[in-house]
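The values are calculated or read from the model by the stated rules, or taken from the named source; none is laboratory data. As the structure is a computational prediction, the values presented were derived from the model and not from experiment. Here Cβ is always computed from backbone atoms with ideal geometry, including for glycine, and neighbour counts include all displayed protein chains. Remember, those area values only see protein heavy atoms, side chains included, never the ligands or the DNA or RNA. Shrake-Rupley method; radii C 1.70, N 1.55, O 1.52, S 1.80 Å.
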Amino acid sequence: MSHVKKEMISFFLTSKCNLDCIYCYTNKEASRHKNQTLSFEFAKLGIEHFIKKYPHIRFFGAGEPTQAYDLMKLIYDYSYQIVGDTLKAEMQTNGAFNKEARDWIEKHIDIIWVSFDGPPDIQDYNRPFYKSGKPSSPVIEENVKHMVANGKGLVGARVTITDNNSKRQKEMVDYFSSLGINYIWTDPLFPTVGDKPVSDDLTAKNIKPLIDMDSYLEEFIQTQKYADGKKIFYGSFLACNFDEENEYHCRACIPVPHFTTDGYISACDMSLFGEDKNHMQDFIYGKWDKENNKLIFFEDRIKQLQSRSVKNMEGCKDCPAMLHCGGYCLGEVANETGNMFGNKRYTCKSIIQLARKIDINFGRYKFLHP
Ligand code: SF4
Ligand code: SF4
(Lines give C-alpha, C1' and ligand atoms only; values in the text may rest on other atoms or scores of the structure.)
(Ligands and ions follow the chains in the order given, each with its own letter.)
Protein backbone atom coordinates (compact mmCIF):
# COMPACT_ATOMS: atom_id res chain seq x y z
CA MET A 1 0.00 0.00 0.00
CA SER A 2 2.23 2.71 -1.29
CA HIS A 3 3.65 5.40 0.96
CA VAL A 4 2.50 3.68 4.15
CA LYS A 5 4.91 0.85 3.23
CA LYS A 6 7.90 2.98 4.09
CA GLU A 7 8.35 0.88 7.21
CA MET A 8 11.75 1.72 8.63
CA ILE A 9 13.56 3.16 11.62
CA SER A 10 14.52 6.80 11.20
CA PHE A 11 17.29 8.47 13.19
CA PHE A 12 17.18 12.26 13.47
CA LEU A 13 20.94 12.35 13.98
CA THR A 14 21.67 15.99 14.64
CA SER A 15 20.34 19.50 14.38
CA LYS A 16 23.71 20.74 13.04
CA CYS A 17 23.79 21.72 9.41
CA ASN A 18 26.49 23.10 7.13
CA LEU A 19 24.01 24.75 4.75
CA ASP A 20 21.60 27.59 5.41
CA CYS A 21 18.67 27.04 3.05
CA ILE A 22 16.40 30.01 2.56
CA TYR A 23 13.28 28.12 3.59
CA CYS A 24 14.80 26.28 6.61
CA TYR A 25 14.93 27.40 10.25
CA THR A 26 17.65 25.00 11.41
CA ASN A 27 20.40 27.59 11.38
CA LYS A 28 18.24 30.66 11.93
CA GLU A 29 18.41 32.57 15.19
CA ALA A 30 14.92 31.48 16.21
CA SER A 31 15.90 27.81 16.40
CA ARG A 32 15.94 26.53 19.99
CA HIS A 33 17.59 23.25 19.07
CA LYS A 34 20.96 24.22 17.69
CA ASN A 35 23.74 21.63 17.94
CA GLN A 36 21.70 18.82 19.48
CA THR A 37 22.83 15.28 18.64
CA LEU A 38 21.04 11.97 19.13
CA SER A 39 22.31 9.85 22.02
CA PHE A 40 23.88 6.56 20.89
CA GLU A 41 22.55 4.86 24.05
CA PHE A 42 19.00 5.81 23.02
CA ALA A 43 19.64 4.75 19.41
CA LYS A 44 20.98 1.36 20.60
CA LEU A 45 17.87 0.75 22.65
CA GLY A 46 15.72 1.66 19.64
CA ILE A 47 17.69 -0.69 17.40
CA GLU A 48 17.37 -3.55 19.88
CA HIS A 49 13.62 -2.98 20.12
CA PHE A 50 12.78 -2.53 16.44
CA ILE A 51 15.49 -3.76 14.06
CA LYS A 52 14.26 -7.35 13.66
CA LYS A 53 10.80 -6.06 12.71
CA TYR A 54 12.14 -3.27 10.48
CA PRO A 55 15.62 -4.17 9.18
CA HIS A 56 15.75 -0.87 7.29
CA ILE A 57 17.41 2.16 8.85
CA ARG A 58 17.18 5.73 7.64
CA PHE A 59 19.27 8.79 8.49
CA PHE A 60 17.50 12.12 8.41
CA GLY A 61 17.58 15.71 9.86
CA ALA A 62 16.71 17.88 11.68
CA GLY A 63 20.09 19.05 10.32
CA GLU A 64 22.48 17.23 7.99
CA PRO A 65 23.13 13.57 8.96
CA THR A 66 26.78 13.62 7.81
CA GLN A 67 27.45 16.32 10.42
CA ALA A 68 27.16 13.37 12.85
CA TYR A 69 29.20 11.03 10.67
CA ASP A 70 30.72 8.95 13.51
CA LEU A 71 27.31 8.39 15.07
CA MET A 72 25.89 7.33 11.70
CA LYS A 73 28.59 4.67 11.40
CA LEU A 74 28.00 3.43 14.97
CA ILE A 75 24.26 3.07 14.33
CA TYR A 76 24.85 1.26 11.06
CA ASP A 77 27.39 -1.13 12.61
CA TYR A 78 25.19 -1.91 15.61
CA SER A 79 22.21 -2.63 13.36
CA TYR A 80 24.37 -4.81 11.11
CA GLN A 81 25.59 -6.82 14.09
CA ILE A 82 21.99 -7.84 14.76
CA VAL A 83 20.48 -8.38 11.30
CA GLY A 84 23.53 -8.82 9.06
CA ASP A 85 23.08 -8.65 5.31
CA THR A 86 19.31 -8.20 5.54
CA LEU A 87 20.01 -4.62 6.64
CA LYS A 88 19.02 -1.85 4.23
CA ALA A 89 20.12 1.74 4.77
CA GLU A 90 18.70 4.97 3.43
CA MET A 91 19.51 8.62 4.00
CA GLN A 92 18.36 12.09 3.11
CA THR A 93 21.33 14.40 2.82
CA ASN A 94 22.19 17.84 1.48
CA GLY A 95 25.04 16.22 -0.48
CA ALA A 96 27.67 18.59 0.96
CA PHE A 97 30.13 16.27 2.69
CA ASN A 98 33.82 15.35 2.49
CA LYS A 99 35.51 12.45 0.73
CA GLU A 100 35.70 10.31 3.88
CA ALA A 101 31.94 10.47 4.38
CA ARG A 102 31.35 9.94 0.67
CA ASP A 103 33.45 6.76 0.60
CA TRP A 104 31.54 5.35 3.55
CA ILE A 105 28.16 6.29 2.07
CA GLU A 106 29.04 4.67 -1.24
CA LYS A 107 29.85 1.39 0.50
CA HIS A 108 26.94 1.27 2.95
CA ILE A 109 23.89 3.24 1.88
CA ASP A 110 21.38 1.59 -0.46
CA ILE A 111 19.14 4.61 -1.11
CA ILE A 112 20.62 8.12 -1.09
CA TRP A 113 18.22 11.04 -1.47
CA VAL A 114 19.99 14.30 -2.11
CA SER A 115 18.03 17.46 -1.33
CA PHE A 116 18.85 19.34 -4.49
CA ASP A 117 16.85 22.18 -6.04
CA GLY A 118 18.13 22.19 -9.62
CA PRO A 119 20.75 23.94 -11.77
CA PRO A 120 23.49 25.92 -9.96
CA ASP A 121 21.81 29.34 -10.01
CA ILE A 122 18.73 27.90 -8.22
CA GLN A 123 20.63 25.56 -5.89
CA ASP A 124 23.10 28.27 -4.85
CA TYR A 125 20.34 30.79 -4.21
CA ASN A 126 18.12 28.39 -2.26
CA ARG A 127 20.80 26.31 -0.51
CA PRO A 128 24.08 28.21 0.18
CA PHE A 129 26.71 27.19 2.75
CA TYR A 130 26.05 28.34 6.32
CA LYS A 131 27.96 31.45 7.43
CA SER A 132 30.17 31.81 4.32
CA GLY A 133 27.19 31.97 1.95
CA LYS A 134 29.33 30.18 -0.66
CA PRO A 135 27.63 28.22 -3.43
CA SER A 136 26.98 24.57 -2.62
CA SER A 137 26.48 23.31 -6.18
CA PRO A 138 30.16 22.59 -7.03
CA VAL A 139 30.57 20.26 -4.02
CA ILE A 140 27.22 18.57 -4.55
CA GLU A 141 27.72 18.03 -8.27
CA GLU A 142 31.07 16.37 -7.60
CA ASN A 143 29.66 14.14 -4.84
CA VAL A 144 26.61 13.14 -6.85
CA LYS A 145 28.65 12.16 -9.90
CA HIS A 146 31.05 10.18 -7.74
CA MET A 147 28.26 8.37 -5.87
CA VAL A 148 26.42 7.54 -9.10
CA ALA A 149 29.62 6.00 -10.50
CA ASN A 150 30.81 4.23 -7.33
CA GLY A 151 27.87 3.81 -4.95
CA LYS A 152 26.04 0.56 -4.19
CA GLY A 153 22.52 1.88 -4.75
CA LEU A 154 20.20 4.63 -5.85
CA VAL A 155 21.18 8.30 -5.93
CA GLY A 156 17.95 10.27 -6.31
CA ALA A 157 17.00 13.94 -6.04
CA ARG A 158 14.43 15.38 -3.67
CA VAL A 159 13.53 18.83 -4.98
CA THR A 160 11.78 21.56 -3.02
CA ILE A 161 9.61 23.47 -5.49
CA THR A 162 9.58 27.23 -5.03
CA ASP A 163 8.51 29.91 -7.48
CA ASN A 164 12.22 30.00 -8.53
CA ASN A 165 12.28 26.53 -10.04
CA SER A 166 8.60 25.78 -10.66
CA LYS A 167 8.73 26.94 -14.28
CA ARG A 168 12.09 25.28 -14.96
CA GLN A 169 11.16 21.66 -14.33
CA LYS A 170 12.19 20.29 -17.75
CA GLU A 171 15.53 22.02 -17.42
CA MET A 172 15.91 20.37 -14.00
CA VAL A 173 15.35 16.94 -15.52
CA ASP A 174 18.09 17.59 -18.11
CA TYR A 175 20.44 18.92 -15.46
CA PHE A 176 19.96 16.02 -13.04
CA SER A 177 20.23 13.54 -15.87
CA SER A 178 23.59 15.07 -16.90
CA LEU A 179 24.84 14.23 -13.38
CA GLY A 180 23.56 10.64 -13.60
CA ILE A 181 20.39 11.08 -11.50
CA ASN A 182 17.37 9.38 -13.00
CA TYR A 183 14.93 9.28 -10.05
CA ILE A 184 13.45 12.62 -8.99
CA TRP A 185 10.71 13.50 -6.49
CA THR A 186 9.40 17.07 -6.23
CA ASP A 187 7.75 18.67 -3.18
CA PRO A 188 5.93 22.01 -3.26
CA LEU A 189 7.24 24.26 -0.47
CA PHE A 190 5.09 24.28 2.68
CA PRO A 191 5.26 26.34 5.91
CA THR A 192 7.93 25.44 8.48
CA VAL A 193 6.80 24.12 11.85
CA GLY A 194 6.63 27.00 14.33
CA ASP A 195 5.15 27.48 17.77
CA LYS A 196 1.60 27.73 16.53
CA PRO A 197 -0.37 26.23 13.65
CA VAL A 198 -0.47 28.41 10.55
CA SER A 199 -4.24 28.73 11.03
CA ASP A 200 -6.90 27.36 13.35
CA ASP A 201 -9.24 26.84 10.42
CA LEU A 202 -9.67 23.06 10.10
CA THR A 203 -10.53 23.28 6.43
CA ALA A 204 -7.72 25.79 5.90
CA LYS A 205 -9.79 27.88 3.52
CA ASN A 206 -7.99 31.04 4.53
CA ILE A 207 -4.44 29.73 4.06
CA LYS A 208 -2.57 30.78 0.98
CA PRO A 209 -0.02 28.38 -0.52
CA LEU A 210 3.63 29.50 -0.50
CA ILE A 211 3.92 28.88 -4.24
CA ASP A 212 1.68 29.15 -7.28
CA MET A 213 0.25 25.60 -7.24
CA ASP A 214 -1.50 25.85 -10.63
CA SER A 215 1.69 26.83 -12.35
CA TYR A 216 3.61 23.99 -10.59
CA LEU A 217 1.00 21.43 -11.66
CA GLU A 218 0.82 22.54 -15.26
CA GLU A 219 4.59 22.36 -15.63
CA PHE A 220 4.79 19.13 -13.61
CA ILE A 221 2.38 17.27 -15.90
CA GLN A 222 4.34 18.26 -19.03
CA THR A 223 7.66 17.51 -17.37
CA GLN A 224 6.56 14.08 -16.26
CA LYS A 225 5.83 13.15 -19.90
CA TYR A 226 9.14 14.65 -20.96
CA ALA A 227 11.04 12.69 -18.28
CA ASP A 228 9.17 9.52 -19.20
CA GLY A 229 10.49 9.82 -22.76
CA LYS A 230 14.02 9.87 -21.31
CA LYS A 231 13.26 6.92 -18.99
CA ILE A 232 13.63 9.15 -15.93
CA PHE A 233 11.22 8.88 -13.01
CA TYR A 234 9.67 12.25 -12.17
CA GLY A 235 7.21 12.31 -9.27
CA SER A 236 5.30 14.66 -7.04
CA PHE A 237 4.71 14.25 -3.32
CA LEU A 238 1.06 15.05 -4.07
CA ALA A 239 0.96 11.76 -6.00
CA CYS A 240 2.88 9.61 -3.51
CA ASN A 241 -0.17 7.36 -3.10
CA PHE A 242 -1.28 7.25 -6.73
CA ASP A 243 0.28 3.85 -7.36
CA GLU A 244 -2.27 1.81 -5.37
CA GLU A 245 -5.48 2.38 -3.42
CA ASN A 246 -4.82 3.28 0.18
CA GLU A 247 -6.89 4.61 3.06
CA TYR A 248 -3.83 5.73 5.07
CA HIS A 249 -1.47 8.45 3.96
CA CYS A 250 1.89 7.27 5.28
CA ARG A 251 3.93 5.44 7.90
CA ALA A 252 2.91 7.95 10.57
CA CYS A 253 -0.37 6.02 10.73
CA ILE A 254 1.31 2.71 11.64
CA PRO A 255 3.32 4.35 13.40
CA VAL A 256 7.03 3.51 12.85
CA PRO A 257 9.74 5.11 14.97
CA HIS A 258 11.82 8.23 14.39
CA PHE A 259 14.31 8.83 17.23
CA THR A 260 14.76 12.48 18.13
CA THR A 261 17.84 14.34 19.37
CA ASP A 262 16.03 15.20 22.61
CA GLY A 263 15.15 11.59 23.48
CA TYR A 264 11.64 11.05 22.09
CA ILE A 265 9.99 8.71 19.58
CA SER A 266 8.18 10.55 16.82
CA ALA A 267 5.92 9.24 14.05
CA CYS A 268 6.76 11.93 11.52
CA ASP A 269 9.64 13.75 9.83
CA MET A 270 8.02 17.08 10.71
CA SER A 271 7.79 16.43 14.43
CA LEU A 272 11.50 16.62 15.12
CA PHE A 273 11.65 17.38 18.86
CA GLY A 274 9.67 16.00 21.79
CA GLU A 275 10.36 18.88 24.15
CA ASP A 276 8.63 21.54 22.05
CA LYS A 277 5.24 22.42 23.43
CA ASN A 278 3.95 23.06 19.97
CA HIS A 279 1.05 21.76 17.95
CA MET A 280 2.98 18.73 16.63
CA GLN A 281 2.89 16.84 19.96
CA ASP A 282 0.31 14.36 18.65
CA PHE A 283 3.12 12.75 16.65
CA ILE A 284 5.33 12.11 19.68
CA TYR A 285 4.35 8.59 20.72
CA GLY A 286 7.10 7.55 23.10
CA LYS A 287 10.23 8.55 24.95
CA TRP A 288 13.51 7.32 26.37
CA ASP A 289 13.47 6.78 30.12
CA LYS A 290 17.18 7.51 30.53
CA GLU A 291 17.42 6.62 34.19
CA ASN A 292 16.10 3.10 33.69
CA ASN A 293 17.33 2.88 30.08
CA LYS A 294 14.02 1.76 28.63
CA LEU A 295 11.50 2.94 26.06
CA ILE A 296 8.08 4.17 27.16
CA PHE A 297 5.21 4.31 24.66
CA PHE A 298 2.17 6.61 24.78
CA GLU A 299 -0.69 4.27 23.88
CA ASP A 300 -3.33 6.99 23.45
CA ARG A 301 -1.20 8.76 20.83
CA ILE A 302 -0.54 5.48 19.00
CA LYS A 303 -4.28 4.78 18.86
CA GLN A 304 -5.00 8.25 17.52
CA LEU A 305 -2.36 7.93 14.79
CA GLN A 306 -3.72 4.52 13.79
CA SER A 307 -7.23 5.96 13.50
CA ARG A 308 -6.08 8.56 10.96
CA SER A 309 -7.67 6.88 7.95
CA VAL A 310 -9.27 8.87 5.15
CA LYS A 311 -12.47 6.99 6.02
CA ASN A 312 -12.53 8.81 9.38
CA MET A 313 -12.08 12.27 7.93
CA GLU A 314 -15.17 14.42 7.60
CA GLY A 315 -13.59 16.71 5.00
CA CYS A 316 -12.64 13.80 2.72
CA LYS A 317 -15.87 11.86 2.58
CA ASP A 318 -16.98 12.97 -0.89
CA CYS A 319 -13.53 13.31 -2.41
CA PRO A 320 -13.02 11.55 -5.77
CA ALA A 321 -9.30 11.09 -4.98
CA MET A 322 -9.70 9.78 -1.44
CA LEU A 323 -8.13 6.36 -1.95
CA HIS A 324 -5.22 7.82 -3.91
CA CYS A 325 -4.50 10.43 -1.30
CA GLY A 326 -5.24 8.90 2.09
CA GLY A 327 -6.12 12.27 3.61
CA TYR A 328 -2.76 13.79 2.64
CA CYS A 329 0.33 14.39 4.81
CA LEU A 330 -0.86 14.53 8.41
CA GLY A 331 2.27 16.45 9.41
CA GLU A 332 1.58 19.26 6.96
CA VAL A 333 -2.12 19.22 7.77
CA ALA A 334 -1.51 19.43 11.53
CA ASN A 335 1.06 22.18 11.04
CA GLU A 336 -1.32 24.28 8.99
CA THR A 337 -4.71 23.57 10.57
CA GLY A 338 -3.75 22.55 14.12
CA ASN A 339 -5.34 19.10 13.75
CA MET A 340 -4.15 16.04 11.83
CA PHE A 341 -7.77 15.30 10.81
CA GLY A 342 -8.11 18.68 9.04
CA ASN A 343 -7.66 19.47 5.33
CA LYS A 344 -5.39 21.75 3.35
CA ARG A 345 -7.91 22.77 0.74
CA TYR A 346 -5.47 24.28 -1.72
CA THR A 347 -3.52 21.01 -1.77
CA CYS A 348 -6.74 18.98 -2.13
CA LYS A 349 -7.60 20.95 -5.25
CA SER A 350 -4.20 20.14 -6.76
CA ILE A 351 -4.33 16.44 -5.81
CA ILE A 352 -7.78 16.02 -7.35
CA GLN A 353 -6.68 17.78 -10.56
CA LEU A 354 -3.56 15.67 -10.75
CA ALA A 355 -5.46 12.39 -10.21
CA ARG A 356 -7.58 13.24 -13.24
CA LYS A 357 -4.60 13.97 -15.44
CA ILE A 358 -1.81 11.52 -14.68
CA ASP A 359 -1.67 7.74 -14.27
CA ILE A 360 -3.04 6.06 -11.16
CA ASN A 361 -3.09 2.39 -10.10
CA PHE A 362 0.06 1.47 -11.98
CA GLY A 363 1.57 -0.75 -9.24
CA ARG A 364 4.07 0.10 -6.56
CA TYR A 365 6.67 2.88 -7.02
CA LYS A 366 10.15 1.39 -7.28
CA PHE A 367 11.53 3.90 -4.78
CA LEU A 368 9.04 5.44 -2.36
CA HIS A 369 9.10 9.20 -1.81
CA PRO A 370 12.02 10.21 0.48
S1 SF4 B 1 5.90 14.48 6.87
FE2 SF4 B 1 3.90 13.73 6.17
S3 SF4 B 1 4.41 12.02 4.82
FE4 SF4 B 1 6.21 12.41 6.10
S5 SF4 B 1 5.97 11.09 7.89
FE6 SF4 B 1 5.07 13.06 8.41
S7 SF4 B 1 2.90 12.79 7.96
FE8 SF4 B 1 3.99 11.21 6.88
S1 SF4 C 1 -7.48 15.39 -1.69
FE2 SF4 C 1 -8.12 16.42 0.22
S3 SF4 C 1 -10.27 15.84 0.45
FE4 SF4 C 1 -9.34 14.42 -0.99
S5 SF4 C 1 -8.69 12.66 0.27
FE6 SF4 C 1 -6.96 14.08 0.04
S7 SF4 C 1 -7.05 15.35 1.87
FE8 SF4 C 1 -9.05 14.39 1.65
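Inclusion of E64 among residues that are among the acidic types (D, E) and touching a Cys at 6+ places or on another chain (Cβ under 9 Å) is warranted. Of all residues in the range 31-57, those satisfying the criterion of being more than 14 Å from H258 (Cβ to Cβ) and either part of a helix (DSSP H, G or I) or among the β-branched types (V, I, T) (or both) are T37, F40, E41, K44, L45, E48, I51. When only residues in the range 326-342 that are in contact with a helix residue (DSSP H, G or I) (Cβ under 8 Å, 6 or more places away or on another chain) and open to solvent by less than 10 Å² (accessible area, probe 1.4 Å) count, which is farthest from ligand 1 (Cβ to nearest atom)? It comes out as G342.
Residues in the range 163-197 that are open to solvent by less than 10 Å² (accessible area, probe 1.4 Å) and either farther than 23 Å from P209 by Cβ or not small (G, A, S) (or both): N165, Q169, M172, V173, F176, I181, I184, W185, T186, D187.
Here's the yes/no breakdown for (1) open to solvent by 30 Å² or more (accessible area, probe 1.4 Å); (2) over 23 Å from the mean Cα position of the chain (by Cα); (3) of a type in the set (A, V, I, L, M):
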position: E48; (1), (2), (3): yes, yes, no
position: D85; (1), (2), (3): yes, yes, no
position: T93; (1), (2), (3): no, no, no
position: A96; (1), (2), (3): no, no, yes
position: K99; (1), (2), (3): yes, yes, no
position: I105; (1), (2), (3): no, no, yes
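Applying the condition of being among the polar types (S, T, N, Q) and modelled with pLDDT under 95 to the range 124-136 and asking which residue is surrounded by the most Cβ atoms within 10 Å (Cβ to Cβ) yields N126.
For every residue, the table says whether it meets (1) more than 18 Å from the chain's Cα centre (by Cα); (2) more than 14 Å from ligand 2 (Cβ to nearest atom).
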| position | (1), (2) |
| --- | --- |
| I221 | yes, yes |
| Q224 | yes, yes |
| G235 | no, yes |
| C240 | no, no |
| E247 | yes, no |
| P255 | no, yes |
| T261 | no, yes |
| Y264 | yes, yes |
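Across the range 306-320, the number of residues qualifying as free of Cβ contacts under 8 Å to residues at least 60 places away in the same chain, within 16 Å of ligand 1 (Cβ to nearest atom) and part of a loop (DSSP other than H, G, I, E, B) comes to 2. Is it the case that M340 is within 15 Å of ligand 2 (Cβ to nearest atom), of a type in the set (A, V, I, L, M) and out of contact with any His (no Cβ under 7 Å at 6 or more places or on another chain)? Judged against the criteria, M340 is a match.
Scanning the range 289-305 for residues that are farther than 30 Å from V198 by Cβ, open to solvent by less than 60 Å² (accessible area, probe 1.4 Å) and touching a residue at least 24 places away in the same chain (Cβ under 8 Å) returns a single hit, L295. Hey, can you tell me all the residues within the range 347-370 that are under 25 Å from A157 (Cβ atoms), more than 14 Å from ligand 1 (Cβ to nearest atom) and in a helix (DSSP H, G or I)? Within the range 347-370, S350, Q353, L354, A355, K357 qualify.
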